[in-house]
Every structure is written in structure tokens, then in C-alpha cells.
Amino acid sequence: MSDPLLNVEGLTTVYRVGGREFAALNDVSLTCQAGERLGVVGESGSGKSVLALSLLNIIRAPGRITAGRVVFADQDILHLRRRELRRVRGGGMSLIFQDAAASLTPVYPVGVQLGEIIRTHLSVTRAEAARQSVQLLGQVGIPEPERRLRAFPSELSGGMKQRVAIAMALASEPSLLIADDPTSAVDVTIQAQILELLRHLVDERQLALIYISHDFRVVSTICERLLILYAGGIVEQGDAPSVFNAPRHPYTDALLACSPSVEEYRFPFATLPGNPPNPRDDPIVGCQFHPRCPRALDVCARETPHEESPTAGHSYRCWSPLDAPGRGSSAAASAP
Amino acid sequence: MSAPDIHVSVKELRMLFPVKRGLRDRVLGVKQWVHAVDGVSLDLHRGECLALVGESGSGKTTLANCIAGSLVPVAGEIWLDDVMLARAGALTGPSARERARLVQVIFQDPTSALNRRLRVGSVLAEPFLVHKICNRAEATARVEALLARVGLPPETAEHYSHELNASQRQRVVIARALALEPRVLIADEPIAKLDVSMQGQILNLIDQLRRELDLSVIFITHDLSVVRQIATRVAVLYLGQLMELQETEAFFGSEGHPYSQALLRSTPRLRVTAEDGELHTIKGEIPSPIDVPPGCPFLSRCPEGDDDCGRTRPPLQARSAGGLVACFKRAAADLAATDGAATGSHG
């Protein structure tokens, strides 16, 4: 296998909260090959957005990256000089944010904003940039792209704005696209359109995609490999069918059991008791999930589990994993 | 089957909002209106959970706000049992204070729905004091009972809302809505801001309260997978018009309105899709509610529509399998099926 496009080793990002340090991202290692679609699933506070920002080395105070390596296209992202880093950010690696409106300035037409990115990264003439802008808007499925270039963001719907944000992320011809929950604010119909668009673009351009979301259903429709994040650490990762059909970590299992489904009636809903760790509380010793885990053993409260990988392409960190074949007992307890 | 016990009845409701215009339009006297709710008739049965579904801009929240009395409809009537709540241009019947004891609303974002300067106890005591139901001392006991009702420990009363997690906060909002013992509860996307692991708790709670307190619930959402779990009936809105009204099981089991089907197909599935399986998407977006086309509002995105659909608005018609649908194609298919069955029985 060739070198992966992105190789992350032991990445740790720490935030200072209430006078003490809290690891928002704790010893995260992952790889992403060119052309691969990797899904990151986690609840709020799991560190999924911090992961996106850390990959681009744009963590701001009170946060800082304290350990680890991020190697993207043979460049050590955490030790680049500022000018080189600027070429990578929005160049080789692009980020699509959750809130599309926030990545657009309201005071310029979208054509100006798109053109600026193209000319920053590709050193082409104004006319050529305008031509490419039209082409990009067409590719992301915006009708009448020439006319839309003159539109201000406020004149576009939420779905259209997200399409423009995707066009902007593609403008610099990146090789890795990081999407941080880009469909959480749009309707299901528009969500399906955007997922289809992303899949199509990723295929066509042989891009690598890291798709971050809290919704298992969304990630599973678009990604080949899944990574489950809990309290800043990867608890399970592997090929989508394997993680999906035979989750080994109780947290993954609980998350799957909680997800509502259009296909079956499963009332009352399974719920996951308790809360994710609070940065203001004392750090949890051992497995971060053990206070909420229905399968917790004594050892879980003492030692951090190691990464186990009994089958190729599927690994987990758990002292008390679910059985390998099929789904084990459901980890989630019903509500009272 | 016995006739349903109708609790709230909405008749030919219309709600329009004026569009803010520029100087030119004002001089020329051009008037434009957003048709937020455009002639909706709908009954809420006693003790049921009716889901209102549709994309943003379909009029779900406007309809709910009309029922809650926060908007005065332009045309139509709203009845609660035999009391008229609103008619064209006026709120009628009960005062705002009395209305609050009949209909309550839960909003999407529990964080902004709660005053962060007040302790939970004060937030929950407020309805009792404002409505002069009891004095402050007695309110404390009632607050405790309310907290127990929504599954929160009594200590919660001492906390500020920002010390709670999102699910606990939404429980407080629900508790406040229940304080005046309303008969109708409107839940406007109550789980959209919650993590998946917490959504279930709130859905279970709403369902449990509906059964225990015999509440009639209007549940607004755009996620059909939630509808399947919690609703007894489903009403689909598009551009302020009712497209389909159906029992939940039949809605997920039969060939409904093309718009309902499009929504269903767009809902992400809880399974790994085949490697190159296309997602089923519908083209385009919901059109502007300012110039509503004369025919079927869904025509511009409908895979089955033809020229006939653009001439007149399809009426809401009873289906042979139950429920109502506003679609010429489905009505024609039903007619053909019943004709076929009739000829079949002759032969």
C-alpha cells in the first residue's frame, strides 16, 4: 500500500478550562488514503470539530496541540512555517463548515468571494477566475451560475449557501476535503442532495473526504470507513459494514440503538443514560465511557484499554467488547 | 371504528404575511404576500399525537402558532371543542391567560427558551404565580411534583439552566409547559438541537406524558424516522397547503403523495448502503411562497406531474385505503383500482 495521504499519530489537543487542562482530543491516530471516504461519528463534546481544526493546525487559545504528528502529502503540518501552512489550508486541505452562512461574508457577491480563493491559490487572471467560478457553481448544482455570481449570500437559500461553501472548498483544487457536519442545518431533501453531490464530486476528482457528523445515518450513507469518537478518543474504527453490522464497542452499539429509523417501529426509544465527561470535573481514570457503560468491569475504572484489532480493518478500545459475530446484547437501557 | 373525538379543529385556515417592499413598489402600490398557510383544514383528535411534517417554509410552525394564539389568522377558523379560538382577523373566545391554560408550546432550543438568570425552581413557579393558582410556598411543592413528572430529581430546582445538559433543559421546558395542565401540547422540533443519544429520552417522555395526561399533541418535525416512532397520524404540508393526512402505519406502508414519498426517500437510512447505490434525491428546492402557482404547488419538483396538474389545485380527497391526499395522480389511481375491483366482482 502506498503512503496514506493523511497520517495522524497520537494527536492530542488540550484546552484550558476553569484553571485546569482538558484533553479535547486525546492520542488520536488515523490515516486516510487518497480517494477514501472516512466518516467520523461523535456526540457534541466528543472532539470531532477540534479534530477538524487540529488537522489544519488552526487551534486557537485557550487550546493548543500538545503532542502528535499530522503528516499530509509528506508535509509535517504541525511544524510548517506560516507561509507554507497557508498554502495547505484551503489549498491541499479544505474545510466545509457546519454553518455555511458563516463561511461567506454578507457584504460581497458570491462571485467575488469564489474568485478571490481561486486567484489566491491558483495564480490565474481575473477573467479565468470568473470562468472557473461559473464552472464550479455549475458543478455544485446551482442553476443559472452566471447570474448567481452576482448574488449576495442573503439572496440564497440555506441549501444554496451550503453549495456555494462547497464550491469555495473545491476552488483551490484540494486533495482532502474535510466536511464538519455540513447538513445539520438543512432539510432532509437538501441533505440528500448535498450528500449525493459530495459523493459525486469525491468520486469524480478522486478526493479524500473526512465527513464529520453526530448522525450515524448520514455518515453511513456516504463513508466507506467509520471512526467513532468519544470524549476525545477513538473508541472504534473500521470498515463501515463491519462497524455497522458488528460493533464491538458498547458505545458504538448504544449509538446505533439510539438512532431513529424510518424502517422499523422501535418505540420506546433506547436511550443512553448519563452524560459525556464534563471538562470541569475531575478527569476520568481508565476508559472514558465506563461510567455510562452497561458492560463495565472493574478494570475499566483503572486502566485505559489498549487498541485491539482481531480482524483486519476493524479495531476498538474496550476491556469488555461485544461478541464478534452479529450484534451482541444491546448496550442501551430503556428509559424508565 | 367509532368516530374520532375531535379536540382541535382547523377550518380553511389562511395566514399571510406582507412582504417588505422597496420605495418603487410602495409608490406603484404593488402588494405582495407570503402565503405561509394557505387554506388548511385539519382536525386534531383527543389524545393523539399528530405529526406535522414538511421542509422549512412549508408552514408547519405558522400553523402551530395560529393554534397557540400567537398569530391572528387572515381567514378561517380554529375551534377547541366547542369554543372558537380564532376567526378571520381576530382571536376569539378565551383571554390570552385562559388560552395559556388550554394550549402550550415547547420550542426547539431549550437553551434560549429558559431565562438563565433564574433558578429552575423560579422558572417553574412562575406560571403558578402569574395565574394566581397558589402562593409562593405552595408553588414549591408543585414545582417538585412537576420535576418528578418529567423525570428530574427535586434538587434540579436549585440549579440554573446552564448547569444542566440539553436533555435536562428540554425536560424543564416541558415541565413548564405542563404547569398549567394544558389540554393541547404543541412540540415544535423539540429534539432537533439534541444529540442522538438524548433524543430518545425526550421522545419517550412526550409519549409517556401524552398517555398519562391524555394530552393531544401536535409534533412538528422534518425527520420522518422520528414520526414513525411517536406519531399516531401524519400531516404533510408543502407551501402552506396540506398534501396528505394519513395514519402513521399506512403512511409508511402505502404509496402516498409524491412529496411524502420524496421526503421518505431522502431520509437517511440506518444501514450501510450498497457501494455505489445512488441516494434518492428530489430535484430543486421549495419554491417561494410569494407567488404560489395556480395548480399543484409540488408540480415543479414532482416526478409524476404533467400539464393537467398545473391548471387547478388538486383537492384533498379521501383514499380508498383511508387517509386524505391532494394529488390528481393518486386520486386517478384509486379510481382505476376501485373500478377494476367493481368490474372484477361483476365478472
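Scan segment A:287-296 residue by residue and report those that are in a helix (DSSP H, G or I) and more than 13 Å from chain B (Cβ to nearest Cβ). Hits for segment A:287-296 are A:His290, A:Pro291. Annotation note: of A:Arg60, A:Arg69, A:Arg83, the sole residue that is part of a loop (DSSP other than H, G, I, E, B), open to solvent by 10 Å² or more (accessible area, probe 1.4 Å) and out of contact with any Ser or Thr (no Cβ under 8 Å at 6 or more places or on another chain) is A:Arg60. Annotation note: Cβ proximity below 6 Å between a residue of segment A:250-263 that is among the β-branched types (Val, Ile, Thr) and a residue that is modelled with pLDDT of 80 or more and open to solvent by less than 10 Å² (accessible area, probe 1.4 Å) (sequence gap 6+ or interchain) occurs for A:Thr252/A:Ile228; A:Thr252/A:Glu236; A:Val262/B:Leu224; A:Val262/B:Ser225; A:Val262/B:Thr267. Scanning segment A:244-286 for residues that are more than 7 Å from every other protein chain (Cβ to nearest Cβ), in a loop (DSSP other than H, G, I, E, B) and touching a Gly at 6+ places or on another chain (Cβ under 9 Å) yields A:Ala246, A:Pro247, A:Arg248, A:Pro276, A:Pro277, A:Asn278, A:Pro279, A:Arg280.
To keep it simple, each residue is scored yes or no on (1) under 16 Å from A:Ser220 (Cα atoms); (2) assigned by TED's automatic domain parsing to the domain that holds A:Tyr15; (3) hydroxyl-bearing (Ser, Thr, Tyr).
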residue	(1), (2), (3)
A:Ser242	yes, yes, yes
A:Tyr251	no, yes, yes
A:Leu255	yes, yes, no
A:Pro260	yes, yes, no
A:Gly274	no, yes, no
A:Asp282	no, yes, no
A:Ala296	no, yes, no
A:Ala301	no, yes, no
A:Pro310	no, yes, no
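Among the residues of segment B:97-144, those identified as more than 16 Å from B:Arg169 (Cα to Cα) and among the acidic types (Asp, Glu) are B:Glu98, B:Glu126, B:Glu138. A:Gly91 - would you say it is under 24 Å from A:Leu5 (Cβ atoms) and either at pLDDT 90 or above or within 23 Å of the chain's Cα centre (by Cα) (or both)? The answer is yes for A:Gly91. Each residue in segment B:32-81 was checked for being part of a loop (DSSP other than H, G, I, E, B), polar (S, T, N, Q) and in contact with a strand residue (DSSP E or B) (Cβ under 9 Å, 6 or more places away or on another chain), and 3 pass.
Residues that are farther than 24 Å from A:Gly111 by Cα and within 13 Å of chain B (Cβ to nearest Cβ) are absent from segment A:153-162 altogether. The helices (runs of 4 or more DSSP H) found wholly in segment A:111-229 and carrying at least 1 residues that are aliphatic (A, V, I, L, M) occupy A:126-139, A:158-171, A:188-205, A:216-222. Within segment A:29-39, does at least one residue satisfy the condition of being closer than 30 Å to B:Lys193 by Cβ and basic (Lys, Arg)? So far as segment A:29-39 goes, yes, one or more of its residues are closer than 30 Å to B:Lys193 by Cβ and basic (Lys, Arg).
Consider A:Tyr265 carefully, then state whether it is at pLDDT 90 or above and either open to solvent by 10 Å² or more (accessible area, probe 1.4 Å) or touching a Cys at 6+ places or on another chain (Cβ under 8 Å) (or both). For A:Tyr265, the condition - at pLDDT 90 or above and either open to solvent by 10 Å² or more (accessible area, probe 1.4 Å) or touching a Cys at 6+ places or on another chain (Cβ under 8 Å) (or both) - is not met.
The values are calculated or read from the model by the stated rules, or taken from the named source; none is laboratory data. Just so it is clear, the structure is predicted and the values come from calculations on it, not from any experiment. Note: ideal-geometry Cβ built from the backbone for every residue, glycine included; neighbour counts use all protein chains shown. Keep in mind that these areas ignore ligands, DNA and RNA; they rest on the heavy atoms of the full protein, side chains included. Shrake-Rupley method; radii C 1.70, N 1.55, O 1.52, S 1.80 Å.
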